[in-house]
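Following: one structure in structure tokens, then a few remarks.
The values are calculated or read from the model by the stated rules, or taken from the named source; none is laboratory data. Values in this document were obtained by computation on a predicted structure and should not be read as measured data. Note: ideal-geometry Cβ built from the backbone for every residue, glycine included; neighbour counts use all protein chains shown.
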Amino acid sequence: MFGWKNFYITMLATILILCIGSILINILVDPYDIWRDERSIGFNFCAIRSENVERLMKPIRVLEIDPETILLGNSKIDFAMNPIDNGYNFGLRNAQPFEILKIVETTHARKIILAIDFEMFIDRRESMPGFDENQLESNHMTLGNFFRSTLSLDSLRDSLVTVQKNHREQLDFPTIDRGGKYDDRFLAKLFEIENDFYATSRQMIIEVEKSDPKMFQKKIREFEKIVETCQSRGIDLQVLIPPVHSNHIEAYEFNRELYESWLKQIVAIHPVIDFVSLEGDFWNSTHMKTSIGDLIIDRLESGNFEIVNSENVEDHLKNLWKNLEHSNQMKFVGRFNSDLPIELDGDFLITPEIFSINWIESNQNILSIRGQIDLPRSEVIVSFVKLGRFYSRLTNLNLDGEIDSSYNFFTEAILSSDQSKISSAQIFCVTKSHGILASEEFWEVKK
């Protein structure tokens with residue numbers, strides 16, 4: 001009996017030592033940038049910045065800073081807007097109206113600059129992983145977040161990854177300054193990895209086709225509650241629509257009726273400052289660079305902007321589409337863009353024997369395709385399926401690291417609402433050694 005008692009005491013002492021050690025390591029390394037203001041180059045200068053970690057860190061940081069003004073919105077604001085004096089960038093990647101409402105209900109800020117966009121309202125999700133209402137309502141770190149950031153296996157792993165990457169000076173994951181904004185050096189790395197300027201535009205069109213009308217209207221009502229909450233609490237609210245590249249505005253025009261309905265409902269609730277067509281430098285078709293974010297802040301502070309409300313929204317929309325039509329930058333979102341190393345006007349070889357379609361499904365206006373290109377993965381530069389004027393990149397499914405494995409792919413492609421412009425689908429593959437290879441046409445549209 002005495003031996004078992006010693007065993008249990010030893011086991012409990014070991015567990016306690018491991019827990020204390022984990023806490024000390026995680027606080028010392030601080031992989032989520034929660035505990036320490038000073039960070040060391042070569043040790044922990046770069047912090048882990050996944051989407052759910054951001055929802056852990058920013059509510060805690062904003063408690064420490066207690067800003068008079070907060071910036072709210074999704075990644076368009078999160079990545080590009082420098083906070084104004086005594087302000088904090090509370091932007092969250094893929095922020096949802098429900099999450100923003102909960103922040104507004106609990107904030108101590110006296111002014112809110114809220115950026116909303118069309119994508120936020122067609123998203124079928126209500127909130128994102130890592131969002132914690134309890135943390136917003138607390139004046140200190142909640143017990144759950146304390147354990148999550150110090151005692152979980154995930155936090156210990158992230159501490160080890162942080163030290164390892166910083167020691168090797170592989171600063172390839174983004175960090176956030178004390179004001180809540182990302183560092184442009186790390187954003188450059190982030191968007192370099194994505195390597196497709198128009199991917200978010202094509203994805204947005206697909207999301208429209210999948211959107212839920214009931215969720216869309218629910219988010220409109222949540223926006224109305226945001227406005228009502230600000231009014232009842234005496235919070236100065238400015239609502240803006242952030243800029244996107246002109247090609248992305250074409251993606252809006254692709255869903256013109258729904259976009260116009262969204263904007264009209266929004267301005268009926270609260271006037272907006274529409275910067276959507278503001279030109280400048282972008283990381284991709286939907287994410288502006290800091291240079292545009294700084295320009296927006298300057299205009300907000302100087303009053304150099306136009307307000308869109310119920311009285312002028314019709315004229316505003318007419319001008320938006322008219323300016324798009326005459327834009328020198330205009331290029332239909334489905335056309336082959338400059339970052340693709342090909343032009344279809346050139347020669348290409350139709351070689352149907354290397355292409356195989358294993359599975360194809362049409363659901364409403366979305367075409368899903370799974371198949372294989374009988375080429376080594378290392379040989380393929382880019383591949384895509386073409387439907388009329390629209391194309392969708394094929395996603396390589398080879399995740400096993402075998403360089404010479406066949407190129408297995410999957411894609412979701414948008415079908416134009418005007419089916420008369422589409423006769424069939426065709427796969428194109430740009431290769432290193434054989435030029436442009438094409439499949440035979442398949443999936444004939446039923447007229």
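In table form, for the structure just shown:
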quantity: Every pair of residues 6+ apart whose Cβ atoms lie under 6 Å, when the first sits in segment 51-73 and is among the hydroxyl-bearing types (S, T, Y) while the second is at pLDDT 85 or above and not in a loop (DSSP other than H, G, I, E, B); calculated: T69/G87; T69/K111
quantity: Meets criteria (surrounded by fewer than 18 Cβ atoms within 10 Å (Cβ to Cβ) and either farther than 30 Å from V208 by Cα or touching a Gly at 6+ places or on another chain (Cβ under 9 Å) (or both)) for N89; calculated: no
quantity: Selection from segment 394-407 of residues that are out of contact with any helix residue (DSSP H, G or I) (no Cβ under 7 Å at 6 or more places or on another chain), closer than 30 Å to F254 by Cα and either surrounded by fewer than 21 Cβ atoms within 10 Å (Cβ to Cβ) or modelled with pLDDT of 80 or more (or both); calculated: T395, L397
quantity: Breaking point among (1) buried (at least 21 other Cβ atoms within 10 Å of the Cβ); (2) hydrophobic (A, V, I, L, M, F, W, C); (3) out of contact with any strand residue (DSSP E or B) (no Cβ under 9 Å at 6 or more places or on another chain), for I220; calculated: (1)
quantity: Helices (runs of 4 or more DSSP H) contained in segment 1-99 and holding at least 1 residues over 27 Å from F147 (Cβ atoms) and modelled with pLDDT of 80 or more; calculated: 75-78
quantity: Inter-residue pairs, beta-carbon under 6 Å, first farther than 10 Å from S285 by Cβ and in segment 183-208, second assigned to a helix (DSSP H, G or I) and modelled with pLDDT of 70 or more, 6+ apart; calculated: D184/T290; I205/A251; I205/F254; E207/I122; V208/I122
quantity: Answer from E222, E250 - the residue that is under 15 Å from I100 (Cα atoms) and touching a residue at least 40 places away in the same chain (Cβ under 8 Å); calculated: E222
quantity: Filter result (touching a His at 6+ places or on another chain (Cβ under 9 Å) and charged (D, E, K, R)) within segment 368-384; calculated: E379
quantity: Selection count where residues are more than 18 Å from G293 (Cβ to Cβ) and at pLDDT 95 or above, scope segment 237-258; calculated: 1
quantity: One residue from E228, E260 being farther than 22 Å from R110 by Cβ and in a helix (DSSP H, G or I); calculated: E260
quantity: Subset of segment 139-154 that is within 23 Å of I65 (Cβ to Cβ) and in contact (Cβ under 8 Å) with a residue 12 or more places away in the chain - its residue that is surrounded by the fewest Cβ atoms within 10 Å (Cβ to Cβ); calculated: N139
quantity: Tally, over segment 76-118, of residues that are out of contact with any strand residue (DSSP E or B) (no Cβ under 9 Å at 6 or more places or on another chain) and closer than 24 Å to S291 by Cβ; calculated: 2
quantity: All positions within segment 278-322 that are of a type in the set (D, E, K, R) and assigned to a helix (DSSP H, G or I); calculated: D294, D298, R299, E301, E314, D315, K318, K322
quantity: Meets criteria (in a helix (DSSP H, G or I) and either without any contact (Cβ under 8 Å) to a residue 12 or more places away in the chain or loosely packed, with under 15 Cβ neighbours inside 10 Å (or both)) for D158; calculated: no
quantity: Sole residue being modelled with pLDDT of 75 or more, part of a helix (DSSP H, G or I) and under 16 Å from the mean Cα position of the chain (by Cα), chosen from M215, M204; calculated: M204
quantity: Identity of the residue in segment 308-326, among the polar types (S, T, N, Q) and free of Cβ contacts under 8 Å to residues at least 12 places away in the same chain, that ends up nearest to F275 (Cα to Cα); calculated: N319
quantity: Segment 105-120: number of residues that are of a type in the set (A, V, I, L, M, F, W, C) and in contact with a Pro (Cβ under 7 Å, 6 or more places away or on another chain); calculated: 3
quantity: Among the residues listed as N358, N363, the single one being at pLDDT 80 or above and not assigned by TED's automatic domain parsing to the domain that holds C230; calculated: N358
quantity: Meets criteria (surrounded by 16 or more Cβ atoms within 10 Å (Cβ to Cβ) and either among the charged types (D, E, K, R) or modelled with pLDDT of 90 or more (or both)) for L190; calculated: no
